[in-house]
Amino acid sequence: MPARPAALLLILLACSAAAELPSNTPPLAQSRQLLVGIASDWTSTRGSLQCFERSLDGWKPAGSSIRVLFGRNGLAWGRGLFGSQENGPKKIEKDRCAPAGIFLLGTIFTTDPALPPGCNYPFHTVTERDAWVDDPALPEYNRHVRLQPGTTPPGWFEKQRMRLGDPAYRWLIEVRHNSDPPLPGAGSAIFIHLQRGPDRPSFGCTVMAEPDLVRLLRWLQAPANPAYCLLPATEYRRLWKSLDLPDPALIYAP
């Protein structure tokens, strides 16, 4: 495939994660805000999400739990801040599973010119020049790509364009699954966003009602290096101590 001119595309990594932490460092050592999503099992399409803040005494709940929906086919291990696990399915492109693991949160993408009042977090307003690449054959796989003004879109751009006018995508919180670096075919375009209905799971994202998502947007603070942990309940109980996660007793069951 011929190389593309550097001037053609600007790949935006607005909240790029640091290099992988040393293996002996807890994955959340640099985070002071954490979202914890819990599913009943690997096939669950719904569960709960709870916000936590780290204090000198450890993780403390921040507000009430949120009812959420996951992928239509449940959960599968993703690529995030800790190593691959042998038990359970592994996420692949278009498997309609939400990635399990721990992931940093990146940029908030919105079709609005600004976030709701009270929000203080890096965001990017999506236009017709923005794409998120889910084609594993492209070098830009699982990247946000913005076409520079005055340039001709490459042939693949139209199919990868981010949607405009879709109410479910009004706000997209980037979940940095398979991001550092992306592995072709391991899954792409994972976000936290609005649900399409109270009983409609997603294609792999975590979705919720609008009042809950707006509350979440207002709570997030970039200096706290927020992260998202999503696990089936049995895996959470198995791993919480080794991964420096909140005590399961502090989490409401889905």
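The values are calculated or read from the model by the stated rules, or taken from the named source; none is laboratory data. Values in this document were obtained by computation on a predicted structure and should not be read as measured data. Here the Cβ positions follow ideal geometry from the backbone for every residue, glycine too, while neighbour counts run over all protein chains shown.
Go through (1) loosely packed, with under 15 Cβ neighbours inside 10 Å; (2) of a type in the set (Asp, Glu); (3) touching a residue at least 60 places away in the same chain (Cβ under 8 Å) and name the single condition Asp95 misses. Answer for Asp95: the failing condition is (1). Taking the numbered list (1) closer than 16 Å to Leu213 by Cβ; (2) part of a loop (DSSP other than H, G, I, E, B) in turn, Ile108 passes all entries but (2). Starting from residues that are in contact (Cβ under 8 Å) with a residue 40 or more places away in the chain and part of a loop (DSSP other than H, G, I, E, B), keep the ones in the range 42-63 and report whichever is farthest from Pro182 (Cα to Cα). Of everything passing the filter in the range 42-63, Gly63 is farthest from Pro182 (Cα to Cα). Contact map, the range 71-88: residues that are closer than 17 Å to Glu174 by Cα paired with residues that are of a type in the set (D, E, K, R), Cβ distance under 6 Å, separation 6+ or inter-chain. Pairs shown: Gly71/Arg96; Gly78/Lys91.
In the range 161-180, which residues are hydrophobic (A, V, I, L, M, F, W, C), part of a loop (DSSP other than H, G, I, E, B) and buried (at least 18 other Cβ atoms within 10 Å of the Cβ)? Matches in the range 161-180: Met162 only.
The listed residues are Pro2, Pro26, and the only one of them that is surrounded by fewer than 19 Cβ atoms within 10 Å (Cβ to Cβ), at pLDDT 50 or above and more than 13 Å from Pro226 (Cα to Cα) turns out to be Pro26.
Would you mind finding the one in Ala114, Ala137 that is small (Gly, Ala, Ser), under 18 Å from Ser188 (Cβ atoms), part of a loop (DSSP other than H, G, I, E, B) and without any contact (Cβ under 8 Å) to a residue 60 or more places away in the chain?
Ala137
Would you confirm whether or not the range 151-161 contains a residue that is touching a residue at least 12 places away in the same chain (Cβ under 8 Å), within 25 Å of Cys119 (Cα to Cα), of a type outside the set (S, T, N, Q) and in contact with a strand residue (DSSP E or B) (Cβ under 6 Å, 6 or more places away or on another chain)? No, the range 151-161 contains no residue that is touching a residue at least 12 places away in the same chain (Cβ under 8 Å), within 25 Å of Cys119 (Cα to Cα), of a type outside the set (S, T, N, Q) and in contact with a strand residue (DSSP E or B) (Cβ under 6 Å, 6 or more places away or on another chain).
Residues in the range 202-219 that are out of contact with any Cys (no Cβ under 8 Å at 6 or more places or on another chain), touching a residue at least 60 places away in the same chain (Cβ under 8 Å) and either farther than 21 Å from Trp132 by Cα or aromatic (Phe, Trp, Tyr) (or both): Phe203, Met208, Ala209, Asp212, Val214, Arg215. Against the test of being modelled with pLDDT under 95, in contact with a Lys or Arg (Cβ under 6 Å, 6 or more places away or on another chain) and in a loop (DSSP other than H, G, I, E, B), the options Ala7, Ala17 yield a single qualifying residue, Ala17. Can you spot a residue in the range 145-152 that is assigned to a loop (DSSP other than H, G, I, E, B), surrounded by fewer than 17 Cβ atoms within 10 Å (Cβ to Cβ) and within 16 Å of the chain's Cα centre (by Cα)? No, there is no match, as no residue in the range 145-152 is assigned to a loop (DSSP other than H, G, I, E, B), surrounded by fewer than 17 Cβ atoms within 10 Å (Cβ to Cβ) and within 16 Å of the chain's Cα centre (by Cα). Scanning the range 228-244 finds one or more residues that are touching a helix residue (DSSP H, G or I) at 6+ places or on another chain (Cβ under 9 Å), free of Cβ contacts under 8 Å to residues at least 12 places away in the same chain and on the phi < 0 side of the Ramachandran plot. Considering only residues that are under 14 Å from Phe103 (Cα atoms) and either of a type in the set (Ser, Thr, Tyr) or out of contact with any Ser or Thr (no Cβ under 9 Å at 6 or more places or on another chain) (or both), which ones fall in the range 166-199? Selection gives Ser179, Pro181, Gly187, Ser188, Ala189. Out of curiosity, is Pro184 touching a residue at least 12 places away in the same chain (Cβ under 8 Å), under 18 Å from the mean Cα position of the chain (by Cα) and assigned to a loop (DSSP other than H, G, I, E, B)? Criteria met by Pro184.
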